1. Within the range 172-196, which residues are outside any helix (DSSP H, G or I) and polar (S, T, N, Q)?
2. Has the range 126-136 got any residue that is modelled with pLDDT under 90, surrounded by 12 or more Cβ atoms within 10 Å (Cβ to Cβ) and part of a helix (DSSP H, G or I)?
3. Out of curiosity, is Arg291 without any contact (Cβ under 8 Å) to a residue 40 or more places away in the chain and over 53 Å from the mean Cα position of the chain (by Cα)?
4. Which count do you get for residues in the range 141-167 that are loosely packed, with under 14 Cβ neighbours inside 10 Å and touching a Ser or Thr at 6+ places or on another chain (Cβ under 9 Å)?
5. Looking for something touching a residue at least 60 places away in the same chain (Cβ under 8 Å) and not assigned by TED's automatic domain parsing to the domain that holds Asp69 - is there at least one such residue anywhere in the range 134-153?
6. Taking the condition in contact (Cβ under 8 Å) with a residue 24 or more places away in the chain, over 30 Å from Ala169 (Cβ atoms) and touching a strand residue (DSSP E or B) at 6+ places or on another chain (Cβ under 7 Å), does Leu21 pass?
7. Go through Thr209, Thr195, Thr201 for me and flag whichever is exposed (fewer than 10 other Cβ atoms within 10 Å of the Cβ) and either outside the structural domain of Val40 (by TED's automatic domain parsing) or on the phi > 0 side of the Ramachandran plot (or both).
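The values are calculated or read from the model by the stated rules, or taken from the named source; none is laboratory data. Please read these numbers as outputs of a predicted model, since none were measured by experiment. Cβ atoms come from the backbone with ideal geometry, glycine included; neighbour counts cover every protein chain shown.
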Amino acid sequence: MLISYKIFTALKYQHPHAKLLYSEYCTFAAQQRYADYDHVKKQMYKVHKPHRASGYLASVRYEATTDEDGCPDWVISYVPGPKARAEYAAFTTRPGRRSTRAAAAPQRAEQGEVPTLPSTLVAAAVPATPSPTVDDALSTQAHALVQHFHQRFHGTSDVAPSARALTQARALMARYGLDLARHLVDFSVTAVQETDYRPQTFGGILQYTARALADYAQAQERAAAAAHEREERRRAQEEEHRRRQYEDDRAACLAQLRATTPPDELAAIAEAATRQFDRDHTSPFGRDLLRRYAIDDAVAMHFQLPSFAEWQAAQGQG
């Protein structure tokens, strides 16, 4: 969730501050989640610094709490600064907005509509309001994802997901897609082996989102590299197969030419090729075989047999 939406709501209803759970920030900003206050404060200081410097935030306060799994968490309270108030005023006083939006704001806030404000605390994408068909599909996928979590971690797939778990699953898939969301579940099964932590609810694995994203990207790279290697190997095999076909066709043509060409003509071609070969090759190794190859090439050139590239092009056209 964007803090700008919470700031907007706080200003609209004249609340003194807006609140955001640290665990929520880590989930939707794909940041590492820490369990001790010193690391949390250092991590969030870097996030808050430019927004405090710009005047968007006047102050920030932390209140310790725990999440539904009993893990350390913090409620972060934000007091809107003069820049946030100015942006709110500019947004709500745009022509045509005050009368049409003010009356509908409470209903839209309940529906989760996010106002378009220039400043945000985190660079998290907010999907457009989905159509009923897309929304139904996302709900079905969210239900299946939470059940996949229970199957992998607890061996049960008939658990009725909680509303909070479904919301978390929907948000995860809306941002990253179904494949990566399932990868998070599967990655977490391995990740929890590093500690004694055993998540009981779907929200307990969201702390592994950043690591799962990196692992997914690496897996995609490995898969792409393996696919490229397989394609290169396939092309090399096809090339070798075509070259053998060409050599067989060429040998058959040469045999036919030797059988139908006057011996004197063939002897002249062979004599010229031999003289050229002896001038160009002085090594004693493999001379007889190489000389035969040179004579074959001379006969092929004399009768204009196609090269491998020409033969291959003709095969493609045929």
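1. Step one: filter the range 172-196 for residues outside any helix (DSSP H, G or I), giving 177, 195-196.
If the condition is that a residue be outside any helix (DSSP H, G or I) and polar (S, T, N, Q), then Thr195 is the only one that fits.
2. Scanning the range 126-136 turns up at least one residue that is modelled with pLDDT under 90, surrounded by 12 or more Cβ atoms within 10 Å (Cβ to Cβ) and part of a helix (DSSP H, G or I).
3. Details: without any contact (Cβ under 8 Å) to a residue 40 or more places away in the chain: yes; over 53 Å from the mean Cα position of the chain (by Cα): yes.
The answer is yes for Arg291.
4. Counting residues in the range 141-167 that are loosely packed, with under 14 Cβ neighbours inside 10 Å and touching a Ser or Thr at 6+ places or on another chain (Cβ under 9 Å) gives 1.
5. Start the filter on the range 134-153 by keeping residues that are touching a residue at least 60 places away in the same chain (Cβ under 8 Å), which leaves none.
No.
6. Numbers: in contact (Cβ under 8 Å) with a residue 24 or more places away in the chain: yes; over 30 Å from Ala169 (Cβ atoms): no; touching a strand residue (DSSP E or B) at 6+ places or on another chain (Cβ under 7 Å): yes.
For Leu21, the condition - in contact (Cβ under 8 Å) with a residue 24 or more places away in the chain, over 30 Å from Ala169 (Cβ atoms) and touching a strand residue (DSSP E or B) at 6+ places or on another chain (Cβ under 7 Å) - is not met.
7. Details: Thr209 fails: exposed (fewer than 10 other Cβ atoms within 10 Å of the Cβ); Thr201 fails: exposed (fewer than 10 other Cβ atoms within 10 Å of the Cβ).
Testing whether each residue is exposed (fewer than 10 other Cβ atoms within 10 Å of the Cβ) and either outside the structural domain of Val40 (by TED's automatic domain parsing) or on the phi > 0 side of the Ramachandran plot (or both) leaves just Thr195.
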